[in-house]
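> The structure that follows is given in the form of structure tokens.
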Amino acid sequence: MTDDGLERHGDDSYDATSRIVDPGGDADERRVEAALRPRRLAEFPGQPRVSDQLALVLEAARRRGAPPDHVLLSGPPGLGKTSLAMIIAAELEQPIRITSGPAIQHAGDLAAILSSLAEGEVLFLDEIHRMARPAEEMLYLAMEDFRVDVVVGKGPGATAIPLELPPFTVVGATTRAGLLPAPLRDRFGFTGHLDYYTAEDLSAILTRNADLLGVDATRQGIDEIAGRSRGTPRIANRLLRRVRDYAQVHGKGVVDHAAARAALELFDVDARGLDRLDRGVLEALCKRFGGGPVGLSTLAVAVGEEPDTVETVAEPYLVREGYMIRTPRGRAAAPGAWEHLGLTPPDGPGTSATPLPFDEGEGRFAL
């Protein structure tokens, strides 16, 4: 059994159907998770393009009476890829099996999962780009021909036994679609890319979630949280719970504008949604390295984090919001970084005051 009471299989996957069919329960965490996850496409906020496309794919499959094409969902963390996978299973009225790429390190791990799937079942592979190569090659055949070859024995005496599989649907999720090999990517009949949410969409999500959680909130308080949530529902929901805690302990139990501002300042989330790591990166760029460019590894050491953490957690938002520039020589502070920190940018080539010129003809930055 998992921590939230779900049945775990021997292959380390687990059946999440109970999350959709019967999300009730006494545990507070399970209640919160069930309340915050939409259960149908009509309830899924934001991402209208992906929702409309996915609705068409699922409705056509229902009318044919056959499983839909395999679905690949890509985009930054926290935008609803797991929720959409569960929604797909709910819309198809089929069970869902959940596992992840890092958990499948051998072809045998994947064969054990595939051989236990029922007809029409949905297999959700989170972080699919991190699956081991032998398992990827087995998945090619399973997705296209619904068959796997189980190798028995070793060496010259090894025998491949073909195993027929019932039709099923793979839903893959990835934060780095570019790392997927082309043969695997091409086997997905539908690819949906999830983008960051607008503040208006996040306000709608938070309003709904506050009602479901029984949180008394004002419009001003909701808007304040939405504006600091970096366009990400997962962050918005987390901040809503922290502001609720603050309002219950230090306020009047109401998530209003004053409670939201005070709570978010306490948790080091500023008015633009930057947290401790984000500001640490910008301060290192501007104060220690004069605006850069500076290599990623050096920047990571300066803030006491791993390079992967800086690159995958802080950098996407900083680049998107115009605080950081990625150049061939490293990371550099954009004018917005100096302004946000209240600093004056230095003059000189290669600094954020004079960004490296981009040669359109050559398609690269001039060095």
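> If you go through region 249-262 one residue at a time, do you hit one that is assigned to a loop (DSSP other than H, G, I, E, B) and hydrophobic (A, V, I, L, M, F, W, C)? Write out each step before concluding.
Keep residues of region 249-262 that are assigned to a loop (DSSP other than H, G, I, E, B), which gives 251-254, 256.
Imposing the further condition that a residue be hydrophobic (A, V, I, L, M, F, W, C) reduces the set to 254.
There is at least one residue in region 249-262 that is assigned to a loop (DSSP other than H, G, I, E, B) and hydrophobic (A, V, I, L, M, F, W, C).
> Further, regarding this structure: Could you please find all residues in region 77-104 being part of a loop (DSSP other than H, G, I, E, B), touching a residue at least 60 places away in the same chain (Cβ under 8 Å) and crowded, with 21+ Cβ neighbours inside 10 Å?
Gly78, Leu79, Gly80, listed by residue number.
> Among the candidates Arg219, Arg234, Arg187, Arg244, single out the residue that is under 21 Å from the mean Cα position of the chain (by Cα) and basic (Lys, Arg). Steps first, please.
Numbers: Arg219 fails: under 21 Å from the mean Cα position of the chain (by Cα); Arg187 fails: under 21 Å from the mean Cα position of the chain (by Cα); Arg244 fails: under 21 Å from the mean Cα position of the chain (by Cα).
Of Arg219, Arg234, Arg187, Arg244, the one residue that is under 21 Å from the mean Cα position of the chain (by Cα) and basic (Lys, Arg) is Arg234.
> Quick one: count up the residues across region 288-303 that are without any contact (Cβ under 8 Å) to a residue 12 or more places away in the chain and either in a loop (DSSP other than H, G, I, E, B) or surrounded by fewer than 19 Cβ atoms within 10 Å (Cβ to Cβ) (or both).
Quick first cut of region 288-303, residues without any contact (Cβ under 8 Å) to a residue 12 or more places away in the chain only: 297, 300-301.
Within this subset, residues satisfying the condition of being either in a loop (DSSP other than H, G, I, E, B) or surrounded by fewer than 19 Cβ atoms within 10 Å (Cβ to Cβ) (or both) are 297, 301.
Within region 288-303, residues that are without any contact (Cβ under 8 Å) to a residue 12 or more places away in the chain and either in a loop (DSSP other than H, G, I, E, B) or surrounded by fewer than 19 Cβ atoms within 10 Å (Cβ to Cβ) (or both) number 2.
> Any residue at all in region 215-222 that's β-branched (Val, Ile, Thr), in contact with a Lys or Arg (Cβ under 9 Å, 6 or more places away or on another chain) and more than 29 Å from Leu318 (Cβ to Cβ)?
Of all residues in region 215-222, those β-branched (Val, Ile, Thr) come to 215, 218, 222.
Keeping just the survivors that are in contact with a Lys or Arg (Cβ under 9 Å, 6 or more places away or on another chain) gives 215.
Still in the running and more than 29 Å from Leu318 (Cβ to Cβ): 215.
Within region 215-222 (the criterion being β-branched (Val, Ile, Thr), in contact with a Lys or Arg (Cβ under 9 Å, 6 or more places away or on another chain) and more than 29 Å from Leu318 (Cβ to Cβ)), the answer is yes, since at least one residue qualifies.
> Kindly list the number of the only condition in (1) surrounded by fewer than 16 Cβ atoms within 10 Å (Cβ to Cβ); (2) modelled with pLDDT under 85 that fails for Glu306.
(2)
> Quick one: which helices (runs of 4 or more DSSP H) sit completely within region 155-234 and have at least 1 residues that are within 17 Å of Lys81 (Cβ to Cβ)? Even if it seems obvious, please write down each step before you answer.
Details: elements: 182-185, 199-213, 219-227.
Those helices (runs of 4 or more DSSP H) span 182-185, 199-213.
> Could I ask something else about it? Looking only at region 40-76, filter to residues that are among the small types (Gly, Ala, Ser) and touching a residue at least 12 places away in the same chain (Cβ under 8 Å); which one of those is surrounded by the fewest Cβ atoms within 10 Å (Cβ to Cβ)? Walk me through how you get there before you give the answer.
Of region 40-76, the ones among the small types (Gly, Ala, Ser) are 42, 46, 51, 55, 60-61, 65-66, 74-75.
Subsequent filtering for residues that are touching a residue at least 12 places away in the same chain (Cβ under 8 Å) retains 46, 55, 61, 66, 74-75.
On the way: Gly46: 21, Ala55: 14, Ala61: 18, Ala66: 12, Ser74: 22, Gly75: 19.
Result: Ala66.
> So which of Val294, Val254 is closer than 18 Å to Asp223 by Cα, out of contact with any Phe, Trp or Tyr (no Cβ under 8 Å at 6 or more places or on another chain) and at pLDDT below 90?
Values: Val294 fails: closer than 18 Å to Asp223 by Cα.
Answer to the selection: Val254.
> Between Tyr246, Tyr317, which is free of Cβ contacts under 8 Å to residues at least 24 places away in the same chain and among the hydroxyl-bearing types (Ser, Thr, Tyr)? Working first, answer last.
On the way: Tyr317 fails: free of Cβ contacts under 8 Å to residues at least 24 places away in the same chain.
Result of the check over Tyr246, Tyr317: Tyr246.
> Consider region 268-287. How many of its residues are surrounded by fewer than 16 Cβ atoms within 10 Å (Cβ to Cβ) and either without any contact (Cβ under 8 Å) to a residue 24 or more places away in the chain or closer than 18 Å to Asn237 by Cβ (or both)? Please lay out each step first, then the result.
First, the residues of region 268-287 that are surrounded by fewer than 16 Cβ atoms within 10 Å (Cβ to Cβ): 268, 270-272, 276, 287.
Filter once more, so that each one left must be either without any contact (Cβ under 8 Å) to a residue 24 or more places away in the chain or closer than 18 Å to Asn237 by Cβ (or both): 268, 276.
Residues in region 268-287 being surrounded by fewer than 16 Cβ atoms within 10 Å (Cβ to Cβ) and either without any contact (Cβ under 8 Å) to a residue 24 or more places away in the chain or closer than 18 Å to Asn237 by Cβ (or both): 2 in total.
> Can you tell me how many residues in region 105-131 are crowded, with 17+ Cβ neighbours inside 10 Å and either in a loop (DSSP other than H, G, I, E, B) or in contact with a Pro (Cβ under 8 Å, 6 or more places away or on another chain) (or both)?
Result for region 105-131: 8.
> Look at region 192-203 and say how many of its residues are crowded, with 16+ Cβ neighbours inside 10 Å and over 11 Å from Ser229 (Cβ atoms). Let's see the steps before the verdict.
From region 192-203, those crowded, with 16+ Cβ neighbours inside 10 Å are 192, 194, 196-197, 201-203; that's our starting set.
From the residues that got through so far, the ones that are over 11 Å from Ser229 (Cβ atoms) too are 192, 194.
Here the count works out to 2.
> Working carefully through the options Ala236, Ala177, Ala182, Ala210, find the one that is over 29 Å from Val57 (Cβ atoms) and among the aliphatic types (A, V, I, L, M).
Values: Ala236 fails: over 29 Å from Val57 (Cβ atoms); Ala177 fails: over 29 Å from Val57 (Cβ atoms); Ala182 fails: over 29 Å from Val57 (Cβ atoms).
Just one listed residue meets the conditions, Ala210.
> Taking the conditions exactly as written (under 27 Å from the mean Cα position of the chain (by Cα) and at pLDDT below 85), does Ala271 satisfy them or not? So that I can check it myself, show each step before the final result.
Values: under 27 Å from the mean Cα position of the chain (by Cα): yes; at pLDDT below 85: yes.
Spelling it out, Ala271 is indeed under 27 Å from the mean Cα position of the chain (by Cα) and at pLDDT below 85.
The values are calculated or read from the model by the stated rules, or taken from the named source; none is laboratory data. What you see is a predicted model; the values in this text were computed from it and never measured. When we count neighbours, we look across all protein chains shown, and the Cβ atoms used for this are built from the backbone with ideal geometry, even at glycine.
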